[in-house]
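The values are calculated or read from the model by the stated rules, or taken from the named source; none is laboratory data. Nothing here was measured: the structure is a model prediction, and the numbers come from that model. Virtual Cβ from ideal backbone geometry, glycine too; neighbours counted across all protein chains shown.
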Amino acid sequence: MTKTRIMIVDDHEVVRLGLRTAFEAEPDLVVVGEASNGAEALAKVAVLDPQLILMDVRMEKMDGIETCREIKNRYPDVHILMLTSYTDEDAVIASILAGASGYLLKHLSRAELLRSIRRAAVGQTLIDADATKRAMERMIQMPGSELTEREREVLALIARGYTNKQIAEALTVTEKTARNHVSHILEKLGLSRRSEAAVYAVEHKLVPPKEQQKDENS
């Protein structure tokens, strides 16, 4: 029998032990390794070659959402189930965007956990339908949700005062491409000037906090 290879990522040892114990008696499941934070998990994936990862949402050094995104970028065939102690719509949204296969509460029963593991292992999505609906509705209403990821990067650079030439250099694209991105951003946001786009980005917190702090200190 082919066993589903599972990796457990959680910063609490007792949680990792409990999950490992839950799988030990299952003939079709095997825990191939553990990690106590996202950075450690990212380093171990290539070596452990898991098919499915159980990932805690909140961890130090590198949280579960960021780790999920990085792993899915590098290993798109790996299925990831996010684990959390309580429902958080922001985390549900982030999980969906990061490519997670599901979002599970830690207090679910062993039977529910095993059922979820087996469903996720064959590619099924396990994020609760109602939670997904609410999350998607919020995503539609989120400022800047109409922008692509690259356009959001450009918007952040506009907010930092970058010219089209500087944006092109920062993103390794042509100046014409940078100019087109700026035009698309203004059109999508219903704005006419890049200064308005800069204000919009700051007011709606579309500029990463580290970037804002860097600018304030420069």
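Return the residues of the range 188-218 that are at pLDDT 75 or above, among the acidic types (Asp, Glu) and closer than 20 Å to residue 165 by Cα; say none if nothing qualifies.
The answer is 196, and nothing else.
Per-residue answers, yes or no, for (1) of a type outside the set (A, V, I, L, M); (2) under 17 Å from residue 74 (Cβ atoms); (3) not assigned by TED's automatic domain parsing to the domain that holds residue 119:
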residue	(1), (2), (3)
9	no, yes, no
14	no, no, no
18	yes, no, no
47	no, yes, no
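Please state which one of 108, 104, 81 is modelled with pLDDT of 90 or more, outside any helix (DSSP H, G or I) and either out of contact with any strand residue (DSSP E or B) (no Cβ under 6 Å at 6 or more places or on another chain) or buried (at least 17 other Cβ atoms within 10 Å of the Cβ) (or both).
81
Which of the following residues is surrounded by 13 or more Cβ atoms within 10 Å (Cβ to Cβ) and at pLDDT below 95: 46, 39?
39
Select from the range 145-182 the residues that are hydroxyl-bearing (Ser, Thr, Tyr) and within 25 Å of the chain's Cα centre (by Cα) and write down the one among them that is surrounded by the fewest Cβ atoms within 10 Å (Cβ to Cβ).
Among those that are hydroxyl-bearing (Ser, Thr, Tyr) and within 25 Å of the chain's Cα centre (by Cα), it is 172.
Among the residues of the range 8-40, which ones are more than 17 Å from residue 117 (Cβ to Cβ) and within 21 Å of the chain's Cα centre (by Cα)?
Hits for the range 8-40 are 11, 12, 35, 36, 37, 38, 39, 40.
List the residue pairs whose Cβ atoms are under 7 Å apart, where the first residue sits in the range 167-195 and is touching a residue at least 12 places away in the same chain (Cβ under 8 Å), the second is outside any helix (DSSP H, G or I) and not small (Gly, Ala, Ser), and the two are 6 or more positions apart or on different chains.
Listed pairs, sorted by first residue: 170/162; 185/147; 188/146; 188/147.
Tell me, yes or no, whether the range 84-99 has at least one residue that is within 13 Å of the chain's Cα centre (by Cα), within 23 Å of residue 23 (Cα to Cα) and assigned by TED's automatic domain parsing to the domain that holds residue 33.
Within the range 84-99, not a single residue is within 13 Å of the chain's Cα centre (by Cα), within 23 Å of residue 23 (Cα to Cα) and assigned by TED's automatic domain parsing to the domain that holds residue 33.
Residue-wise test of (1) among the charged types (D, E, K, R); (2) over 20 Å from residue 48 (Cβ atoms).
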| position | (1), (2) |
| --- | --- |
| 72 | yes, no |
| 80 | no, no |
| 85 | no, yes |
| 92 | no, yes |
| 100 | no, no |
| 104 | no, yes |
| 110 | yes, yes |
| 117 | no, no |
